[in-house]
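Everything on this sheet refers to the single structure shown next.
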Amino acid sequence: MPAFFATTPRGLEKVLQSELRALGIEKTTVGIAGVSFFSNWADCYKANLELVSASRVLYPVLDFPAYEPDQIYHSVLKHDWTKYIDPKQTIAVDSSVRDSIIKDLRICALKTKDAVVDQFREKFGIRPDVNTENPDMQISVRLVKNKCTVSLDTSGGSLHLRGYRDRGAPAPLKENLAAALIKMTGWDQNSPLIDPMCGSGTFCIEAALMALKIPPGSFRKKFGFQRWKTFQPEPYKIIVEDINQRQLSDVPFRIYGYDVEGRAVAASKAHSENAGTQIATLFRKQDILELVPAPSPGIIITNPPYGERMGDSTQLVALYSKLGTVLKSKFRGWQAYVLASDSELINAIGITPEKSWRVFNGAIECQFVKFGNI
């Protein structure tokens, strides 16, 4: 059983592995929608604070076959749950099931919850309450091909929820997906970045956080692991102090976000202020055909409307064609990256892609396409 398992959207596993290695965590194994890593608790704290592409960091504690519900109950009951929290604290259980004899994910969650609270009741005479909104201990149960893995969620909620976004344009991009895509471009964090259809500003703000060396976890009031009896405050304090010392107050370039919708621009500005990145970002209401390059070359990265998100096909093809026109006429020498769900829309740009990656924006399968030196 791996010591930890960091999850991420499908297609981004290699990005997450590179991030873990950059943190000095070498023992990693790429899986489906995540990366296993063997390390200590200090590295778990660091991963929660600093990984930009991760969704959660799980701590697997049980792994067993399960062909009937009672097997789940008795296997979970064997683990000592009382070493993590006190009986007056709270728990929650989430579950998923795939390709197994047990079909009902609610049964998995119920049997796990029953085993945990029965153990506390037997030992202390009282049991933890269930709190689905803000539990002290979140338990994750995954049943795949009759193999059950039970983990503790060290993050205490999805890491993509940075906390700076309180309003937005339609169909916002998840923060960790945006950050991972920026990582995939190889952007040097020392040159201009432009999003010509910035929506709620996620690409720009995530890029600014990287450039200013502000880790996404710094917005968190508390992680899941901090509520447990096993939490080690001193290593955590040292990690936070090191992070604070690395942060920059400014950078010698700017990150530009444009959108034709004034509401989107207003949201982007508000989000950037919430994130403390307003020194590095500039947002403006502007049509894509009016774009002008920054003083020095950099990268363009954008998530235009597509498919299930919004707009009819005729309007979308025209929009992508506009993007291609602007790239070819004004951005020679730049590199451009586009996230889209439809090959027809990619083709409408009118530039031969240099490279393409398959990634998932939620349940939507997308292409992340690179147009090299234009």
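Annotations
- When the residues of segment 299-324 are filtered to those that are at pLDDT below 95 and touching a Ser or Thr at 6+ places or on another chain (Cβ under 6 Å), the one that is surrounded by the most Cβ atoms within 10 Å (Cβ to Cβ) is 306.
- Residues in segment 49-85 that are exposed (fewer than 13 other Cβ atoms within 10 Å of the Cβ) and under 15 Å from residue 152 (Cα atoms): 80, 83.
- Restricting attention to segment 36-61, the residues being under 13 Å from the mean Cα position of the chain (by Cα) and free of Cβ contacts under 8 Å to residues at least 60 places away in the same chain number 1.
- Only one of 26, 19 that is of a type outside the set (Lys, Arg), out of contact with any Pro (no Cβ under 8 Å at 6 or more places or on another chain), surrounded by fewer than 19 Cβ atoms within 10 Å (Cβ to Cβ) and in the same structural domain as residue 99 (by TED's automatic domain parsing): 26
- The residues listed here are 345, 327, 289; of these, the one that is crowded, with 20+ Cβ neighbours inside 10 Å and either more than 27 Å from the chain's Cα centre (by Cα) or among the small types (Gly, Ala, Ser) (or both) is 327.
- Selection count, segment 80-113, where residues are more than 30 Å from the chain's Cα centre (by Cα) and under 18 Å from residue 142 (Cβ atoms): 1
- Taking residues in segment 200-221 that are on the phi > 0 side of the Ramachandran plot, and partners anywhere that are surrounded by fewer than 21 Cβ atoms within 10 Å (Cβ to Cβ) and in a helix (DSSP H, G or I), the pairs with Cβ atoms closer than 7 Å and at least 6 places apart or on different chains are 213/246.
- Some residue of segment 271-280 being over 18 Å from residue 207 (Cα atoms) and either surrounded by fewer than 19 Cβ atoms within 10 Å (Cβ to Cβ) or under 28 Å from the mean Cα position of the chain (by Cα) (or both): no
The values are calculated or read from the model by the stated rules, or taken from the named source; none is laboratory data. Nothing here was measured: the structure is a model prediction, and the numbers come from that model. Counting neighbours? That spans all protein chains shown, and the Cβs are built from the backbone with ideal geometry, glycine included.
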